[in-house]
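Structure record follows, encoded as structure tokens.
The values are calculated or read from the model by the stated rules, or taken from the named source; none is laboratory data. The structure presented is a predicted model; accordingly, all values stated were derived computationally and were not measured. Positions of Cβ are backbone-derived with ideal geometry, glycine not excepted, and every protein chain shown enters the neighbour counts.
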Ligand code: NDP
């Protein structure tokens, strides 16, 4: 069985490494292959995946939103987000899912033993990753989800995903937050944002707080190092990367994902290469 990873560009995606480690550990004769898809070719690629008998697709930039509009049906989470990161090819059509938020929650739980229930959370950024995190935190019972975005309308739309718990905020809101998440690319190696810091000054963070950076290269980021220096607990983005891929494996195979094998594969690869990775 074959699954594909589609994006543009997609050559440096870690998803095939994660998926193939899982298939090997599960003893499945499956393979995950990266397929670069030109933006204008998505309309052909999706029915093509079905025609060629692929079991599914992992979807990365810039296709998460266009795929949500193109599949036959979507999960409730993908519907709310208007974004799909995983397609399952079912006999009656293409089904779009979004595992980013659940992957984030799993990483929080497994990597930091953090339960968002009743907690005050601040999310910096209002793009696709931030939206998935906001919806997931609200679904996990967060008491408050504050969104910090550069563009007011985008920030308000992201905060609205948290319903009554959501609102937009300002950097100083980080002071009273239990959880502060960087969901911007600031600090990400190999990008134009590499030298930047996320919009939450680490000086606002300290003991009793958890700082999470969705960026996972470098590992840790400078922002996380500074937050740790202030006494905050920290968690980088690799756990979310692994867990969102693990949930894709479960959707395609119906088997529990071998998270340990996937984690090992991606950390082993990280130590060999220095390129900016993509999910
Ligand atoms: P998007 O481009 O969809 O959104 C980025 C958001 O960050 C936008 O709100 C943007 O603001 C804001 N932003 C961009 N640069 C800066 C900056 N220098 N300072 C402040 N705000 C900024 O990206 P994604 O949401 O898809 O991804 C965000 C980050 O999360 C990336 O680094 C990505 O690699 C990482 N990620 C990690 C995952 C994981 O598994 N660990 C999964 C998904 C993403 P504006 O709206 O004004 O442009």
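Checking each residue in region 178-188 for being out of contact with any helix residue (DSSP H, G or I) (no Cβ under 9 Å at 6 or more places or on another chain) and away from the ligand (no atom under 14 Å from the Cβ) picks out only 178.
When the test is whether a residue is touching a helix residue (DSSP H, G or I) at 6+ places or on another chain (Cβ under 7 Å), under 18 Å from residue 249 (Cα atoms) and not assigned by TED's automatic domain parsing to the domain that holds residue 55, residue 105 passes it. Of the listed requirements (1) modelled with pLDDT of 95 or more; (2) within 10 Å of the ligand (Cβ to nearest atom); (3) crowded, with 22+ Cβ neighbours inside 10 Å, residue 197 misses just one: (3). Tally up the residues in region 112-126 that are under 16 Å from the mean Cα position of the chain (by Cα) and either surrounded by fewer than 20 Cβ atoms within 10 Å (Cβ to Cβ) or away from the ligand (no atom under 16 Å from the Cβ) (or both), please. Final tally of qualifying residues: 0. When restricted to residues that are surrounded by 22 or more Cβ atoms within 10 Å (Cβ to Cβ) and either within 13 Å of the chain's Cα centre (by Cα) or more than 14 Å from the ligand (Cβ to nearest atom) (or both), region 147-165 contains 1.
Based on what the data block shows, is residue 67 over 25 Å from residue 169 (Cα atoms) and assigned to a strand (DSSP E or B)? Outline the logic, then answer.
Values: over 25 Å from residue 169 (Cα atoms): yes; assigned to a strand (DSSP E or B): no.
No.
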